Amino acid sequence: MQKQAIFQAKLLPYALVAPQLAIVLIFFYWPAAQAVIQSFLLQDAFGLSTSFVWFENYQDLFKDPAYFEAVVRTFVFSFAIAVSSLSFALLLAVMADKPLRGSMLYRTLLIWPYAVAPPVVGVLWIFMLHPSLGVLSRYLRNLGVDWNPLLDGNQAAGLIILAAAWKQISYNFLFFLAGLQAIPRSVFEAAAIDGARPMRRFWTVTFPLLSPTIFFLLVVNIVYAFFDTFGIIDTMTRGGPGTSTVTLVYKVYSDGLLGGNLGSSAAQSVILMVMVIVLTGIQFRFVERKVTY
């Protein structure tokens, strides 16, 4: 028989929910509403006068080639970060799920990087791959690689993707490992008795049963790549060289805080929020159909 919580006081349930609702309203809905309002305004450089310009900020964005370059770059970054972090995390989770000596230690060490803040991740990787001071860059030069992400935009973009994917691997690994441990061992034993080899068991048994976890992590990784990579970009390249690593979230920051164009920055943030909502909706509409629950 299912138990049901009964509150003696009618206002108690609302009082318990009120702190969370207050946090959501103050730190999400209120700033979002302010951004929407600001996107229709034009403010001078000194903040002394403000005028209502309707959709002029949005029209200027859609006429700016640099903005469309940032859109394409953001999608490329997001796809590369999501695919690489999910693939490598799944590989590590499958290996860590095996009965190995010291497996608990391996699992703990693989989870640790998630506790590192994105700006710290950027500092760590730039120290390792700095063209003149980096430890790993010396080996690249010894191999004949002309490594200089401070001047080469493609190398800088690859470095951002590498650092951002490394940061997210631990998060993905944790969920993949939990999903693997939730699969009954009898399913693998039955597949083995039927003569299925390890690789076939993975693609016909493990992967389909992990599809809910993969779908969840796909949505989380896309949102992560769109928003949470700002700290990594800011500490490693600051959008350079040139604009080769400027994504949408970094362009919102650079145009608003550094450039002083608050109206355009607000319009960009609104478009970015709409893009993430639409992309998430598309994933739930089409990708979720192939998920086996």
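The values are calculated or read from the model by the stated rules, or taken from the named source; none is laboratory data. Remember, predicted model here, so these are calculated numbers, not experimental data. A quick note on method: Cβ atoms are made from the backbone with ideal geometry, for glycine too, and the neighbour counts reach across all protein chains shown. Only protein heavy atoms, including side chains, enter the accessible area calculation; ligands, DNA and RNA are left aside. Shrake-Rupley method; radii C 1.70, N 1.55, O 1.52, S 1.80 Å.
Check region 70-81 and report whether any residue there is β-branched (Val, Ile, Thr), closer than 22 Å to Pro212 by Cβ and surrounded by 15 or more Cβ atoms within 10 Å (Cβ to Cβ). Yes; the residues of region 70-81 include at least one that is β-branched (Val, Ile, Thr), closer than 22 Å to Pro212 by Cβ and surrounded by 15 or more Cβ atoms within 10 Å (Cβ to Cβ). Comparison of Phe216, Phe176, Phe207, Phe202 shows that the only residue that is surrounded by fewer than 18 Cβ atoms within 10 Å (Cβ to Cβ), of a type in the set (Phe, Trp, Tyr) and within 19 Å of the chain's Cα centre (by Cα) is Phe216. The single condition from (1) over 19 Å from the mean Cα position of the chain (by Cα); (2) under 19 Å from Ser87 (Cβ atoms); (3) open to solvent by 20 Å² or more (accessible area, probe 1.4 Å) that Gly195 fails is (2). Residues in region 89-103 that are surrounded by fewer than 16 Cβ atoms within 10 Å (Cβ to Cβ) and either of a type in the set (Phe, Trp, Tyr) or not in a loop (DSSP other than H, G, I, E, B) (or both): Leu91, Met95, Ser103.
Scanning region 99-123 for residues that are of a type in the set (A, V, I, L, M, F, W, C), modelled with pLDDT under 85 and in contact with a Leu (Cβ under 8 Å, 6 or more places away or on another chain) returns Leu110, Ile111. Scanning region 241-275 for residues that are open to solvent by less than 10 Å² (accessible area, probe 1.4 Å), more than 26 Å from Asn154 (Cα to Cα) and assigned to a loop (DSSP other than H, G, I, E, B) turns up nothing.
Which residue pairs have Cβ atoms closer than 6 Å, lie 6 or more positions apart in sequence or on different chains, and pair a first residue in region 247-259 that is closer than 11 Å to Thr74 by Cα with a second residue that is open to solvent by 40 Å² or more (accessible area, probe 1.4 Å) and of a type in the set (Gly, Ala, Ser)? Every condition considered, no pair remains.
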